[in-house]
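Read through the structure below, which is laid out as structure tokens, and then see the notes.
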Ligand SMILES: C[S@@+](CC[C@H](N)C(=O)[O-])C[C@H]1O[C@@H](n2cnc3c(N)ncnc32)[C@H](O)[C@@H]1O
């Protein structure tokens with residue numbers, strides 16, 4: 001989400017900039033490229049891209065895995081992804097998918113911390129805004145991730161320093177996953193990372209990691 005963001009602009013203006021470029025569907029930017037690059041190396045098995053936007057990331061990873069499915073809450077995004085030949089489901093986060101359905105889940109979430117007064121009620125705002133904390137979509141995604149992953153499954157999650165790297169790591173651990181940073185790129189106003197999440201396990205058994 002760093003493309004074309006002038007140096008000293010507020011989050012609200014960044015939203016406006018992006019809004020001016022494309023009003024309905026998030027188009028590939030640096031964050032998309034970083035996720036695609038990590039996915040090309042790490043994705044395996046049945047792969048799902050949550051919040052697919054244009055479908056570009058799913059398209060990039062397709063040749064590297066046996067199957068790829070995309071999902072988005074935005075009907076315009078679903079249409080664009082289908083136009084790329086990607087099987088796409090319109091759903092909120094992981095709601096439409098059954099238990100243990102995927103070996104790899106990819107997510108570049110909306111993460112810009114946004115004052116509610118500066119949000120627009122449109123699809124582009126939904127693609128960018130992570131609510132006041134920047135983590136409002138990340139938390140429910142992590143809460144449901146373990147359900148849709150097959151045993152031994154993994155996720156690749158894009159994290160921006162704007163959403164609070166340490167806070168996201170804590171959410172990841174609380175959800176029972178171990179985060180490993182597999183990509184990092186710094187820009188003038190944010191650092192983007194890709195975390196590879198695998199289940200925390202004790203003696204080979206999945207665990208929340210919490211000692212009762
Ligand atoms: C930052 S964009 C990423 C788009 C694309 N994956 C990429 O990397 O270029 C975030 C995407 O998440 C989608 N999204 C937002 N809220 C969602 C939700 N509750 N469930 C599913 N997708 C959602 C948006 O519509 C948008 O397409």
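Quick note: the coordinates plus some simple rules give every number you see, no bench work behind them. Just so you know, these numbers come straight off a predicted model, no measurement behind them.
Observations, loosely collected:
- Length gained when the stretch residue 84-residue 118 is fully extended (0.36 nm per residue, less Cα-Cα span): 9.0 nm
- The range 8-200 - Rg over Rh from alpha carbon coordinates, Kirkwood radius: 0.93
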